[in-house]
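The values are calculated or read from the model by the stated rules, or taken from the named source; none is laboratory data. Given the structure is predicted, the values throughout are model-derived calculations rather than measurements. Note that each Cβ is placed from the backbone with ideal geometry, even for glycine, and that neighbours are counted across all protein chains shown.
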Amino acid sequence: MQAKFWVAITLLFFAAVVKAQTPAIDSLKRIIALDKKDSVEVVAYLLLESELSRSNTIAAKRCSFIAVGLSRSLNLPVQLSAAYSELATINIQTNQTDSAKYYIGLLKKLANEKSNTPKVVANYNTAAGLYYRKLGDFKSSLPYLIECLRVYTIMDAKVSMAGQTLNVGNDYSDMGEFRKAMTYHLAALKQFEALGNKRGMSFCYSAIGADFIQLQQFSDAMPYIQQSLVIKDELKDKKGIANGYSELGDLEMGLHQPDKALANYLESLALNKTLMLPGEEAKADLSIGRLYAGEKDVSNANDYLNRSGEIFKRLGDTVHLNIVNAEEAGLQRSFLHQQKTEKTFLNTLSSSIKTGDKNTEINNYKYLSDFYSQNKQYDKALIYNEKYHARLDSEQNKELQLQVRGLEQKYNLVREEKEISLLKKDKLLYQVNLKNQELFKYGALIFLLMLVIIAFLVLARYRVVHKARRLIEIEKMRNNIARNLHDDIGSTLSSINILSKVALKQAGENKEVSLGLERIKDSSFTIMESMSDIVWAINPANDPLEKTILKMREFAAAILEPAGIRFTFDESEKLADLKLSVDERKNLYLIFKEAINNIAKYSGATLANILLHKTGHQLLMTIADNGKGFDNAKQHTGNGLKNMRSRSGEMKAVFEIESSAATGTNISLAIAIT
Amino acid sequence: MHTILLYEDNKNLRESVCSLLSLAAEYEVVGAFGDCMLVESQVRDFNPDVILMDIDMPGMTGIEAVRKIRTFNKSVQIIMLTIFDDNENVFNALYNGANGYLLKKYISDKLIDAIKEILQGGAPMSPLIARMVVDNMQQKQKANDAYKLTSREKDILLLLSKGNSAKMIAAALELSLDTIRTHTKHIYDKLHVNSQIEAVSKAFNEKLV
């Protein structure tokens with residue numbers, strides 16, 4: 001009960017699948033059902049013909065007829081030419097060349113009338129080209145095909161271009177110019193691939209495969225043929241599939257596998273029969289006939305060749321008919337030849353029996369046995385062989401024995417020779433093996449050695465890395481400690497500074513206390529400044545001179561602006577990347593600070609000019625102000641000047657001061673740089 | 001009368017800051033702590049107007065504390081206290097929502113002015129900060145619309161980062177000092193807003209929200 005249920009479900013499923021056909025056909029039919037009698041309906045009919053043409057030629061033709069009628073009544077020359085073209089093509093395919101000629105005539109007229117409409121011209125040329133190809137006149141067809149390709153290229157009609165490229169390729173192939181054919185076929189394939197047009201691609205694969213077969217490059221052909229079949233299967237292109245099987249058959253023949261070839265040819269034959277394509281059916285028959293002829297199976301070969309010839313005759317396909325006749329003639333010749341030989345032997349045999357010529361009789365038995373064996377008529381061969389031996393046994397025992405012994409010896413000799421050569425081969429093999437083993441051993445040894453070296457290196461590196469890491473850890477810890485210390489010191493200094501300020505406020509009138517507190521405040525501030533400067537200076541991120549100059553700018557602004565002193569700060573271009581040592585940097589900055597502080601506190605200047613530039617191998621800094629000069633302010637700046645000089649001495653730089661009440665003060669510092 | 005919370009792990013400094021602020025009648029230190037482990041509840045309870053926050057503290061750093069505070073309190077003004085000034089911690093603190101920073105060496109001179117300025121909505125933008133913002137923008141490799149700065153603001157930021165003072169920038173761009181200050185405040189706000197957006201998205205990514 002359950003089994004029946006599942007069978008029914010499966011059948012229903014298949015029925016549904018079959019009924020669905022392809023989605024394209026369904027939607028086209030839907031458009032036609034709308035019966036709007038407009039250009040859309042015409043196009044739908046044209047497209048439907050194209051879908052059906054590979055599986056149901058009668059329905060396809062009907063569509064084209066309707067399209068013709070509609071195009072005429074709606075006066076649509078392009079669609080009309082397309083319909084004519086379809087009819088011409090499908091008639092060519094079904095070998096109705098006269099009908100095809102008729103439609104091509106109509107197309108020519110239309111093309112002449114509408115010579116400015118490229119699509120019409122293109123349709124005419126396509127149909128004419130294909131017509132001549134059908135007649136086997138490949139030379140005549142070529143110009144039409146090429147013209148058509150040109151028109152499509154101008155129109156940039158990509159799909160048609162690709163199709164036409166394929167046609168040109170096919171033409172060259174038929175003319176035997178396989179290299180040219182291949183070029184066009186590959187070009188067409190590329191174009192179809194770019195368009196994602198699977199049908200086109202399948203044709204191209206087929207064509208390229210056929211080219212390879214013609215060039216006897218069978219293994220190159222195989223993947224292409226197979227690929228074409230895959231796509232054709234997807235597209236349910238039955239005609240294409242039949243073609244594909246036929247091509248596979250050709251391929252197998254080329255690879256000397258007649259059994260496989262036969263299977264494929266038979267598939268192709270069956271399909272073409274169901275598709276009612278007699279031309280293709282006949283071609284399949286021809287292929288099979290050829291196959292049997294090759295196998296010297298005369299009767300089967302004859303059957304198929306006959307059938308093929310009849311169909312071609314009926315279709316008026318003289319090109320193929322000639323091919324069939326040639327095959328048959330070839331077959332008959334060998335057949336005849338065979339017949340002659342057989343007759344000769346049999347005649348000789350019978351006459352020898354008559355004349356009692358035992359030797360000849362016996363020999364003829366042998367000849368006949370050989371002959372039939374060659375022609376695969378083994379039953380006859382066996383009979384004659386037995387007769388031969390029977391005769392021989394009774395009449396020529398001795399000779400036979402000798403012969404047999406001779407044969408035996410020969411056989412033994414041959415066998416011994418074979419054995420010797422085998423032994424030699426064995427020895428060679430053994431030696432080679434040995435060598436291989438040695439090589440292998442060496443290889444393994446080297447490999448092991450390399451492993452050891454690598455292990456060594458890895459270990460060494462690990463040790464180094466580990467050590468480095470430890471050092472970094474230690475460094476980090478040190479940095480942390482330093483940082484915490486700095487933070488602690490800085491915070492405490494700050495608190496001293498703050499408390500002194502608070503106390504100052506509370507000191508009020510008491511001058512001595514105020515003074516003392518003032519000094520505490522100042523010195524705590526000074527040392528906080530120094531700490532901050534040192535930390536800044538030793539930070540490697542501040543190595544480039546650019547950073548120092550930035551800090552100098554900020555400092556100048558912070559000090560001079562509140563003091564109401566205008567200033568300029570200029571630097572020459574190439575300074576940015578210069579690198580000073582930590583000491584040089586620190587000292588340069590501190591000298592600068594001292595100078596600026598002096599200007600702000602003691603000079604009474606209104607304008608300051610700061611300049612930094614590079615001359616030759618020196619970094620030069622000049623600070624000029626229009627204040628009252630040093631002489632007057634000596635007592636305040638004594639320490640400061642001393643500091644500046646000593647700092648400059650530390651870095652072996654040259655420090656100069658010019659100062660007078662009239663000209664103000666000019667400080668210059670020259671640091672030697674490499 | 002404005003209330004102030006202080007977070008500073010150095011005892012001496014903590015006490016001296018309290019002393020300093022006691023000189024100003026309009027500011028009152030309502031709490032001074034040596035670490036910020038309980039910062040959330042403390043800020044909630046005291047609800048101060050200004051928080052002075054040290055950056056380097058044991059346990060939780062000042063930056064984390066700022067981030068936590070900003071999750072529930074957007075209005076309190078936070079000034080970071082720090083020894084070092086070329087520290088990316090400063091930038092991170094500002095990025096996470098602090099309103100300004102002050103070097104410890106300047107506390108005695110400038111603390112009260114800084115608090116006043118920040119309560120008035122001023123946003124201190126030093127060349128250092130400007131440089132850090134510029135670097136940060138470049139690092140992100142987004143188009144200059146990282147902070148959606150106007151071109152004027154970008155000019156100011158760049159000049160600032162090159163070491164020019166606000167006065168010099170005003171002279172260079174022929175604007176008033178006040179205009180410059182307003183612009184820097186805007187840049188600051190945008191930095192904040194951007195940082196807040198980043199914070200949210202970052203939190204999302206880290207599944208903290």
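Only one entry in A:ASP583, A:ASP522 is in contact with an Asp or Glu (Cβ under 7 Å, 6 or more places away or on another chain), over 30 Å from B:ILE169 (Cα atoms) and surrounded by fewer than 16 Cβ atoms within 10 Å (Cβ to Cβ), namely A:ASP583.
Taking the conditions (1) surrounded by 21 or more Cβ atoms within 10 Å (Cβ to Cβ); (2) in contact with a Lys or Arg (Cβ under 7 Å, 6 or more places away or on another chain) in turn, A:SER268 satisfies each one other than (2). Give A:ILE565, A:ILE610, A:ILE599 a once-over and let me know the one that is under 20 Å from B:SER161 (Cβ atoms), β-branched (Val, Ile, Thr) and surrounded by 20 or more Cβ atoms within 10 Å (Cβ to Cβ). Criteria check complete, one pass: A:ILE610.
With the requirement that a residue be more than 8 Å from chain B (Cβ to nearest Cβ) and surrounded by 13 or more Cβ atoms within 10 Å (Cβ to Cβ), what does region A:468-492 give you? Correct list: A:ILE489 only. For region B:156-191, a residue qualifies if it is closer than 26 Å to B:GLN77 by Cα, among the hydroxyl-bearing types (Ser, Thr, Tyr) and more than 13 Å from chain A (Cβ to nearest Cβ), and the qualifying residues are B:THR179, B:THR182, B:THR184, B:TYR188. Contact annotation: residue pairs with Cβ atoms under 8 Å, 6 or more positions apart or on different chains, pairing a residue in region A:525-545 that is part of a helix (DSSP H, G or I) with a partner that is surrounded by fewer than 13 Cβ atoms within 10 Å (Cβ to Cβ), are A:LEU545/A:ALA576; A:LEU545/A:ASP577; A:LEU545/A:LYS579. Looking only at residues that are more than 14 Å from chain A (Cβ to nearest Cβ) and modelled with pLDDT of 70 or more in region B:116-135, which one is surrounded by the fewest Cβ atoms within 10 Å (Cβ to Cβ)? Selected residue: B:GLN120. Scan region A:205-212 and tell me whether some residue there is under 21 Å from A:LEU235 (Cα atoms), outside any helix (DSSP H, G or I) and at pLDDT 85 or above. No, the conditions are met nowhere in region A:205-212. The residues in region B:1-14 that are within 14 Å of chain A (Cβ to nearest Cβ) and either surrounded by 16 or more Cβ atoms within 10 Å (Cβ to Cβ) or not charged (D, E, K, R) (or both) can be counted, and the count is 8.
The condition of being over 24 Å from A:ASP533 (Cα atoms), away from chain A (no Cβ under 14 Å) and out of contact with any Gly (no Cβ under 9 Å at 6 or more places or on another chain) holds for only one of B:VAL66, B:VAL50, that being B:VAL50.
When region A:221-239 is filtered for residues that are more than 23 Å from A:ASN56 (Cβ to Cβ) and of a type outside the set (Val, Ile, Thr), the ones remaining, listed by number, are A:ALA221, A:MET222, A:PRO223, A:TYR224, A:GLN226, A:GLN227. Going residue by residue through region A:473-482, is there one that turns out to be modelled with pLDDT of 90 or more and out of contact with any Cys (no Cβ under 6 Å at 6 or more places or on another chain)? No. Could you go through region A:501-512 and let me know if any residue there is more than 10 Å from every other protein chain (Cβ to nearest Cβ) and within 21 Å of B:SER165 (Cα to Cα). No; the residues of region A:501-512 include none that is more than 10 Å from every other protein chain (Cβ to nearest Cβ) and within 21 Å of B:SER165 (Cα to Cα). For region A:153-180, enumerate the residues that are crowded, with 21+ Cβ neighbours inside 10 Å and more than 29 Å from the chain's Cα centre (by Cα). Those that are crowded, with 21+ Cβ neighbours inside 10 Å and more than 29 Å from the chain's Cα centre (by Cα): A:ASP171, A:TYR172.
Of all residues in region A:122-148, those satisfying the criterion of being farther than 22 Å from A:ASP317 by Cα and either among the hydroxyl-bearing types (Ser, Thr, Tyr) or surrounded by fewer than 22 Cβ atoms within 10 Å (Cβ to Cβ) (or both) are A:TYR124, A:PRO143, A:ILE146, A:GLU147.
Test B:ASP56 against the stated conditions and say whether it is under 20 Å from B:GLU117 (Cβ atoms), within 14 Å of chain A (Cβ to nearest Cβ) and among the acidic types (Asp, Glu). Taking the combined requirement at face value, the residue does not satisfy it. Within region B:19-44, if we keep just the residues that are at the interface with chain A (Cβ under 10 Å from one of its Cβ atoms) and assigned to a helix (DSSP H, G or I), the residue that is nearest to B:SER75 (Cα to Cα) turns out to be B:LEU21. Starting from residues that are β-branched (Val, Ile, Thr) and crowded, with 20+ Cβ neighbours inside 10 Å, keep the ones in region A:643-670 and report whichever is farthest from the chain's Cα centre (by Cα). Here the answer is A:THR665. Given the condition part of a helix (DSSP H, G or I), over 22 Å from A:LEU275 (Cβ atoms) and touching a residue at least 24 places away in the same chain (Cβ under 8 Å), answer yes or no: does some residue in region A:51-60 qualify? For region A:51-60, residues part of a helix (DSSP H, G or I), over 22 Å from A:LEU275 (Cβ atoms) and touching a residue at least 24 places away in the same chain (Cβ under 8 Å): absent.
What tally of residues in region A:242-278 results from selecting those that are basic (Lys, Arg) and either within 33 Å of the chain's Cα centre (by Cα) or closer than 18 Å to A:GLN93 by Cα (or both)? Qualifying residue count, region A:242-278: 1.
Of the residues making up region B:80-111, those that are assigned to a strand (DSSP E or B) and more than 11 Å from chain A (Cβ to nearest Cβ) number 3.
In region B:112-130, the residues that are in a helix (DSSP H, G or I) form Cβ pairs under 7 Å with partners that are among the acidic types (Asp, Glu) and modelled with pLDDT of 70 or more, at six or more places apart or across chains, as follows: B:LEU119/B:ASP49; B:PRO127/A:GLU554; B:LEU128/B:ASP85. Please specify each residue of region A:532-557 satisfying the condition of being of a type in the set (A, V, I, L, M) and either facing chain B (nearest Cβ under 7 Å) or surrounded by 17 or more Cβ atoms within 10 Å (Cβ to Cβ) (or both). Result: A:VAL535, A:ALA537, A:LEU545, A:ILE549, A:LEU550, A:MET552, A:ALA556, A:ALA557.
Kindly indicate whether A:PHE592 is modelled with pLDDT of 90 or more, within 14 Å of chain B (Cβ to nearest Cβ) and part of a helix (DSSP H, G or I). In short, yes.
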